[in-house]
Amino acid sequence: MNQANLIILVLFYSRHGATRKLAELIAQGVESVPGCDARLRTVPAVSTVTEATEPDVPADGAPYVELDDLTECAGLAVGSPTRFGNMAAAMKYFWDGTAAQWLSGALAGKPACVFTSTGSLHGGQESTLLSMMIPLFHHGLMVLGLPYTNPELMTTSSGGTPYGASHWSGLDGKKTITEDEKRLAIALGRRLAETAVKLRAVA
Ligand SMILES: Cc1cc2nc3c(=O)[nH]c(=O)nc-3n(C[C@H](O)[C@H](O)[C@H](O)COP(=O)(O)O)c2cc1C
């Protein structure tokens, strides 16, 4: 009997597009694994104006994530721009609305990974990646990094860390993704999807 493809959720927030580019590369890595489909989803911005609203569907780009996406996925990649060495409030706000999924264990046992983009090279990529792992551990996800068998981890002079994929966008946000950043982001997406496939095999 043919099995349905596994859905790997690539969930990101991106104000200016740098983190979105990483999300697309991770999705590319996911889709290089037979039997896996990437589902790109984003979260709305948060506002300083209480109860300000956005349309239900973004004007362009990935749709907003729905809580059912968490239940339906077999693996999860989470990405945010670095904001003062931490994830952006919009991503944190999303996780703060997932108590029901935490209680039901909707994500427990699924593989996960993280990615980020910074304006400066030493401006907190690792701290942001580690901070994004914390809600994932609480949800029972099994968090993956990148092993040093990826040679780019030794040579990169831009982004790319063992804690997850990253990009140095520069102070004007205009730096393009380097070859090392690209390869590491694709490798992370592939590793996530391959792990989801292996976990299905033993379930
Ligand atoms: C409020 C705020 C805080 C930021 N904090 C940091 C920081 O701590 N370190 C850093 O390197 N860049 C920081 N940045 C820059 C963004 O992380 C960077 O421009 C990122 O690539 C934007 O991603 P995006 O294009 O996906 O929105 C900050 C930007 C803003 C608006």
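Please find, among Leu121, Leu76, the residue that is under 20 Å from Ser166 (Cβ atoms), within 16 Å of the ligand (Cβ to nearest atom) and out of contact with any helix residue (DSSP H, G or I) (no Cβ under 6 Å at 6 or more places or on another chain).
Details: Leu76 fails: within 16 Å of the ligand (Cβ to nearest atom).
Just a single option satisfies the conditions, and that option is Leu121.
Let's see how each residue does on (1) modelled with pLDDT of 95 or more; (2) more than 16 Å from the ligand (Cβ to nearest atom); (3) open to solvent by 30 Å² or more (accessible area, probe 1.4 Å):
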site	(1), (2), (3)
Asn5	yes, yes, yes
Ile8	yes, yes, no
Tyr13	yes, no, no
Gly17	yes, no, no
Pro34	yes, yes, yes
Ser47	no, no, yes
Name the residue, out of Lys198, Lys92, Lys175, that is open to solvent by 30 Å² or more (accessible area, probe 1.4 Å) and out of contact with any helix residue (DSSP H, G or I) (no Cβ under 9 Å at 6 or more places or on another chain).
-> Lys198
Selection within segment 79-99 - within 16 Å of the ligand (Cβ to nearest atom) and either free of Cβ contacts under 8 Å to residues at least 24 places away in the same chain or among the basic types (Lys, Arg) (or both) = Arg83, Lys92
Collect the residues in segment 109-130 that are within 17 Å of the chain's Cα centre (by Cα), free of Cβ contacts under 8 Å to residues at least 60 places away in the same chain and open to solvent by 20 Å² or more (accessible area, probe 1.4 Å), keeping them in residue-number order.
-> Glu126, Ser127, Leu130
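The values are calculated or read from the model by the stated rules, or taken from the named source; none is laboratory data. These figures come from a predicted structure and were not determined experimentally. All Cβ positions, even for glycine, are placed from backbone atoms using ideal geometry, and neighbour counts span all protein chains on display. Each accessible area value is taken on the protein alone, full model and side chains, heavy atoms only, with ligands, DNA and RNA left out. Shrake-Rupley method; radii C 1.70, N 1.55, O 1.52, S 1.80 Å.
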